[in-house]
Amino acid sequence: MLWIRNGIVIDPKNKIKAEKMDIFVKNGKIVPEGEVRREECRVIDASGKLVVAGGVDMHAHIAGSKINTGRTMRPEEMRVVRNVAGKFRAAVGRVLLTAPAIGYEYAKMGYTTSFEAAQPPIGALHTHEELDAIPMIDKAALPVFGNWHLVFKCIEEKNLEKLKALIAWAIERSKGFGVKVVNPGGVEAWMYGGNVKSLDDQVPGFNVTPREIITMLIKANEELGLPHSVHLHCNNLGVPGNFQTTIESIKLAKGFSNSKRQVLHVTHVQFNAYAGSSWRDAASGAAEIAKVVNSMDNVTIDMGQPIFGHATAMTGDAPFQFTLHKLTGARWSNKDTEVETGAGIVPLVYLPNNPVHALQWAIGLELGLLVDSNKVALTTDYPNGGPFTEYPYVMAMLMSRKMREGELSKVNAYVQKATGLASIDVEKTLYEIINMTRSLPARILGLQNKGHLGIGADADIAIYNLNPLETDTSKDFEKVYKAFKSAEYTIKSGEIISRNGEIVKEVFGRTFWVDARKKVDMEAVMNDIRDYFQYYSVQLGNYGVEERWIKKPERLEVV
Amino acid sequence: MLVVELISGRTLDQGATVEEKLSEEYSKAVNYIELSEEDFKSLGLKEGDRVKISTEFGSVVVFAKKGEIPKGLAFIPMGPYANAVIDPATDGTGMPQFKGVMAKIEKTEEKVKTVRELLEAI
Amino acid sequence: MEDVICTFCGSVCDDGEFDAEKKKVKKFCRLGSAKFSEKERIKAPMVDGKEVSYETAIEKAAEILVNAKKPLLYGWASTANEAIRLGVILAEKLRGVYDQCASVCHAPGTLAVIEEGLPGATLGSVKNRADVVVFWGSNPAEAHPRHGMRYSISAKGLLIKDRKQRKVVVVDVRPTKTAKMADLFIQVKPGYDYAVISALRAILSGNADVVPSDVGGVAKEKLLQLAEMMKNAKYGAIFYGLGVTQSRGRDRNVENAIKLIQLLNRTTRWVIWPMRGHYNVVGAGEVPAWEVGYQYAIDFSRGYPRFSPAEFSAVEVLKRKDCDAALIVASDPAAHFPAAAVKHLKQIPVIQIDPFPNMTTLLAKVVIPSAVYGIEAEGTAYRMDGIPLRVKKILETSYWTDEKILEEILKRVEKLKG
């Protein structure tokens, strides 16, 4: 039992804006005062400290064959020693981290939940093994659907019931959480060396288009009523001029509605927000995208903010990864995966004096600033945009124009003419930033007990050495950055796991998965699945992950 | 006497007996060398004869067989007999050079050791 | 029982049928059938050749490991990920060295991945799409007998319906059994793979004129023919084997081949993949990669992982006499290491965990028999292309699993270290 006394609480979901109050914790949950006996509580004096829910990272690549191939390909990333083995595990990594390091670093920062953003369904068991190896946090994984032959078939047939059954089947088999779509149709085109360039290109070998894939997956997702919406990595990622495709994709959400959450989440939008016709005249399309997102009430995005320094591009967008390899000449890994999907990995470094990198950096910030705080979540698309450990930098930047001016003076001047960043005077409030890193991502994912401190919420709590009532986040950005870098306390399910940026207790969190089988007639799709397995290299009976193979599974049933 | 380039590698027999290393079958699967017909003849060998393989790194006695292999090249199944003579240098990679060592081959009357005897001799 | 998964080679066929009464497996190849047939086992745990209980053997093993300054923990390719993970954690706790069978098999390929990446595909992609398949220094007919039928040579897929629609090329130093199934066989002189790959890169980048009439024993006409086949392929795959990684050039051969693939992808689609040997040698590299950042040759003597094959690979550690105890799991270095490395293994206390007696058993101080994954124990393994499969328990046994044995050793080590 915990009694967090006198903290200054910000809890956007419950509309609490920096109020001095006490929080009580019992059995890993937040409870009303009456449910605990004060004398039995461990008391944490949080006087003058910021008390918020544990951070929720809704989009990061933290587990599975992609990040692990990245580690193998980049031993130079592993030479940063973060912890020597002793009471806790050895933890290493610069941007790419080992599984123990991922858990420890999130915990030190006050983050307690993270979602693996792209899981090839056939590789699900590997993803879960790595998720199980990450200590400290709760987690889940999103299987990918946008280039799966079986999905194409359902869409070709315009058979919604079949598609719904397929989604329910695949999410259950992969113990996944929702519907991720990566460059719909484009990865299949890559199997022939190509890509798709617009929402209306036909996917080679199939009578479907990206537009149809996205629309029908949204429809199926909404009819199933999954906790999370379709999670889209748009077509044309990394291509100048792509902001038009992004806007068109966002508009596909029109006509759908859901009272609880968005019906479409568009991810790492920075990589899909370029105007211009080539890298020579590339410019920001962030303002136009922000306008569209702000005008709609059923779409959310996350930033995909680049951080200057090392990164590793790893996505299911295999054709983009090859383009990047050709562009930079760097190492390139690729994985064409059965008839399901593909992936690629290329090392990357973002340099402040490189005009393109500076542009990307500025666009990420523009999105964070111009999009309504209730519609944009903070991410770096780890490790694509860089480390998640620099979220505090992004948080501080969004809150301080002064900090941005200082940073702007250090980057390539190209951003001055190609973006509007310098003239944006928006300074997000602490309340908005806490929303963008807690309540909003939890709402986007459909996690009711995360991202807030209301009664019944998971007792995932972060306490920072920052008094919201006395801090001018606009001026004191260094203090803000420092405070968010290492939480004074990180509490996971009611246990103190980190103090002042040092791990004090190793715990293992839960893995959430969604079971929507009751919502469908599975027989609608089983014949097709059986038939398609002739194109697999494993038996249908050996496909998938059983719950008992996972360390701490938690099933969320959709009824 | 003959000098050949020796390579080692997997065979079906070696694979099928690899979990029975102390058996007669395993021994049989790995205690021979394959030479080209020409090299086999030039040493005056007949099937079942034994040869001594000597390299810079050691020597071992094995049975000689005719194999479909280019002249000047010889094949020995991976295993303890091969490892008595291959090059242990790894060039910094950790990988010994299991394939490609110059070896002297001569007919011998010495007996072929068992795997136990091989280990004892190390 | 259906959908039985084979735990012999890297193909990890998962379509076996097991007859529990006759204890026979159907559909598998000769290697798989041998795997599932009954054979001599280590009867009981032993210390200095004397039979003891599991508890006693584990106590002794923990003692040896804790008393060692720098133990070598080696093997891991023929066990499940659950056991491998414990092995990595144990090596970290003991400040020892973790190395695995790949270091004498496909690890040069890993070094090449560090240089150039790995443009690859799953075996299912190859089966569905590949109209040209090249086996370079690999011989699936002897090492992965069902690979050709299930995934590559005659596999029936979505775009490629049968053997006739696919061209098969073998590049090797001798006419192997696989070469006999090929449409084109290219015989290279041993140690000349690098030069031959360079010649292909030259031809494909429009510099055929600089290629001499003979490269590594291959006539230029043949190289031109192969280059043409590669260029005209819609989706090609190179499967390379130990012929490339264990001969002169090693990692550099693979690196050069990957550069060839990079070039080919500028005009068409090509992938490359290693023909990994043991059924879970991929797991033996993947698990340490996520736990500690590296695939093999990992030293923990400073309390954090360091990777250096020149220093911390098992063969180098043993040759340098740089370990004072060894834990060997699911492997037989006494049979498969060069004599110069085995010599030191004979001088130090060795603990062996393995289902079967082998040459390492003969020199081990502590021998702990274990259950066979895929037959007597369930666990996760990664096929050669990284596809995870849960291998099954189909027979009861009184043998402990590697996982349980290692868990107990780890507990005792933690206790002894205080």
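Region C:1-114 holds helices (runs of 4 or more DSSP H) entirely within its bounds, and those carrying 3 or more residues that are away from chain A (no Cβ under 14 Å) and within 25 Å of C:Thr361 (Cα to Cα) map to C:30-36, C:54-67. Here A:Ile16 fulfils each of the conditions (1) surrounded by fewer than 23 Cβ atoms within 10 Å (Cβ to Cβ); (2) under 22 Å from A:Pro135 (Cβ atoms); (3) among the aliphatic types (A, V, I, L, M) apart from (2).
Identify the residue in region B:13-52 that is among the basic types (Lys, Arg) and away from every other protein chain (no Cβ under 13 Å) and, among all such residues, is nearest to B:Asn83 (Cα to Cα). Of everything passing the filter in region B:13-52, B:Lys52 is nearest to B:Asn83 (Cα to Cα). Where strands (runs of 3 or more DSSP E) fall entirely within region A:1-105, those with at least 3 residues that are of a type outside the set (A, V, I, L, M) and not assigned by TED's automatic domain parsing to the domain that holds A:Leu131 are at A:2-11, A:16-26. Residues that are crowded, with 19+ Cβ neighbours inside 10 Å, closer than 25 Å to A:Ala413 by Cα and either of a type in the set (Ser, Thr, Tyr) or at pLDDT 95 or above (or both) do not occur anywhere in region A:245-266. Take the conditions (1) in the same structural domain as C:Ser313 (by TED's automatic domain parsing); (2) out of contact with any strand residue (DSSP E or B) (no Cβ under 8 Å at 6 or more places or on another chain); (3) buried (at least 24 other Cβ atoms within 10 Å of the Cβ); C:Ser11 misses just one of them, which is (1). Of the residues making up region C:317-332, just one is surrounded by fewer than 24 Cβ atoms within 10 Å (Cβ to Cβ) and either within 9 Å of another protein chain (Cβ to nearest Cβ) or under 17 Å from C:Ile84 (Cα atoms) (or both), namely C:Lys319. When each of C:Lys156, C:Lys127 is tested for being assigned to a helix (DSSP H, G or I), free of Cβ contacts under 8 Å to residues at least 40 places away in the same chain and of a type outside the set (Val, Ile, Thr), the lone residue that passes is C:Lys127.
Take A:Thr341 and tell me if it is crowded, with 24+ Cβ neighbours inside 10 Å and within 28 Å of A:Pro143 (Cα to Cα). The answer is yes for A:Thr341. Within region A:303-317, the set of residues being over 24 Å from A:Glu390 (Cα atoms) and either surrounded by fewer than 24 Cβ atoms within 10 Å (Cβ to Cβ) or at the interface with chain C (Cβ under 10 Å from one of its Cβ atoms) (or both) is empty. Only residues that are of a type in the set (S, T, N, Q) and more than 12 Å from chain B (Cβ to nearest Cβ) were counted in region C:353-385, giving 2. The residues of region C:159-180 that are hydrophobic (A, V, I, L, M, F, W, C), touching a helix residue (DSSP H, G or I) at 6+ places or on another chain (Cβ under 8 Å) and either in a strand (DSSP E or B) or within 14 Å of chain B (Cβ to nearest Cβ) (or both), listed by number, are C:Val168, C:Val169, C:Val170, C:Val171, C:Val173. Residue count for region B:1-12, restricted to those that are more than 9 Å from chain C (Cβ to nearest Cβ) and either more than 23 Å from B:Asp87 (Cα to Cα) or in contact with a His (Cβ under 9 Å, 6 or more places away or on another chain) (or both): 0.
Assess whether C:Tyr194 counts as being within 14 Å of chain B (Cβ to nearest Cβ), in contact (Cβ under 8 Å) with a residue 12 or more places away in the chain and out of contact with any strand residue (DSSP E or B) (no Cβ under 8 Å at 6 or more places or on another chain).
Yes: the conditions hold for C:Tyr194.
Just give me the residues in region A:404-442 being over 20 Å from A:Ile10 (Cα atoms), not hydroxyl-bearing (Ser, Thr, Tyr) and not in a helix (DSSP H, G or I), in sequence order. If the condition is that a residue be over 20 Å from A:Ile10 (Cα atoms), not hydroxyl-bearing (Ser, Thr, Tyr) and not in a helix (DSSP H, G or I), then A:Lys410, A:Val411, A:Asn412, A:Ala413, A:Gly420, A:Ile424, A:Asp425, A:Val426 are the ones that fit. Could you list, in sequence order, all residues of region A:150-194 that are surrounded by fewer than 21 Cβ atoms within 10 Å (Cβ to Cβ), farther than 26 Å from A:Leu237 by Cα and touching a Phe, Trp or Tyr at 6+ places or on another chain (Cβ under 7 Å)? Answer for region A:150-194, where residues must be surrounded by fewer than 21 Cβ atoms within 10 Å (Cβ to Cβ), farther than 26 Å from A:Leu237 by Cα and touching a Phe, Trp or Tyr at 6+ places or on another chain (Cβ under 7 Å): just A:Arg173. When A:Ser277, A:Ser295, A:Ser333 are checked against the criterion of being buried (at least 24 other Cβ atoms within 10 Å of the Cβ) and either modelled with pLDDT of 95 or more or more than 19 Å from the chain's Cα centre (by Cα) (or both), A:Ser333 stands alone in meeting it.
Is there a residue being outside any loop (DSSP other than H, G, I, E, B) and within 8 Å of chain A (Cβ to nearest Cβ) anywhere in region C:137-146? No; the residues of region C:137-146 include none that is outside any loop (DSSP other than H, G, I, E, B) and within 8 Å of chain A (Cβ to nearest Cβ).
Quick check on my filter: what residues within region A:80-108 are hydrophobic (A, V, I, L, M, F, W, C) and over 24 Å from the mean Cα position of the chain (by Cα)?
Within region A:80-108, A:Val80, A:Val81, A:Val84, A:Ala85, A:Phe88, A:Ala90 meet the criteria.
Table: residues versus (1) within 30 Å of A:Arg89 (Cα to Cα); (2) modelled with pLDDT of 95 or more; (3) out of contact with any Pro (no Cβ under 9 Å at 6 or more places or on another chain).
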residue: A:Ala141; (1), (2), (3): yes, yes, yes
residue: A:Glu161; (1), (2), (3): no, yes, yes
residue: A:Ala170; (1), (2), (3): no, yes, no
residue: A:Ser174; (1), (2), (3): yes, yes, no
residue: A:Ile214; (1), (2), (3): no, yes, no
residue: A:Ile218; (1), (2), (3): no, yes, yes
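In summary, helices (runs of 4 or more DSSP H) completely within region C:330-418 and bearing 2 or more residues that are modelled with pLDDT of 95 or more and farther than 27 Å from B:Tyr26 by Cα occur at C:402-417. The set of residues in region B:64-102 that are aromatic (Phe, Trp, Tyr) and either facing chain C (nearest Cβ under 7 Å) or surrounded by fewer than 23 Cβ atoms within 10 Å (Cβ to Cβ) (or both) comprises B:Phe75, B:Phe98.
Residue count for region B:103-122 satisfying the condition of being surrounded by fewer than 12 Cβ atoms within 10 Å (Cβ to Cβ) and basic (Lys, Arg): 1.
Matching residues to (1) under 22 Å from A:Met395 (Cα atoms); (2) surrounded by fewer than 24 Cβ atoms within 10 Å (Cβ to Cβ); (3) modelled with pLDDT under 95:
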position: A:Lys108; (1), (2), (3): yes, yes, no
position: A:Tyr111; (1), (2), (3): yes, no, no
position: A:Ala133; (1), (2), (3): no, yes, no
position: A:Ile137; (1), (2), (3): yes, no, no
position: A:Gly146; (1), (2), (3): no, no, no
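In region A:528-551, the residues that are within 8 Å of another protein chain (Cβ to nearest Cβ) and charged (D, E, K, R) form Cβ pairs under 9 Å with partners that are in a loop (DSSP other than H, G, I, E, B) and buried (at least 18 other Cβ atoms within 10 Å of the Cβ), at six or more places apart or across chains, as follows: A:Glu546/A:Lys175.
Whether any residue in region C:273-283 is closer than 26 Å to C:Arg383 by Cβ, of a type in the set (Val, Ile, Thr) and within 9 Å of another protein chain (Cβ to nearest Cβ) is what I want to check.
No, region C:273-283 contains no residue that is closer than 26 Å to C:Arg383 by Cβ, of a type in the set (Val, Ile, Thr) and within 9 Å of another protein chain (Cβ to nearest Cβ).
The values are calculated or read from the model by the stated rules, or taken from the named source; none is laboratory data. What you see is a predicted model; the values in this text were computed from it and never measured. Reconstructed Cβ throughout: ideal geometry from the backbone, glycine too, with neighbour counts over all protein chains shown.
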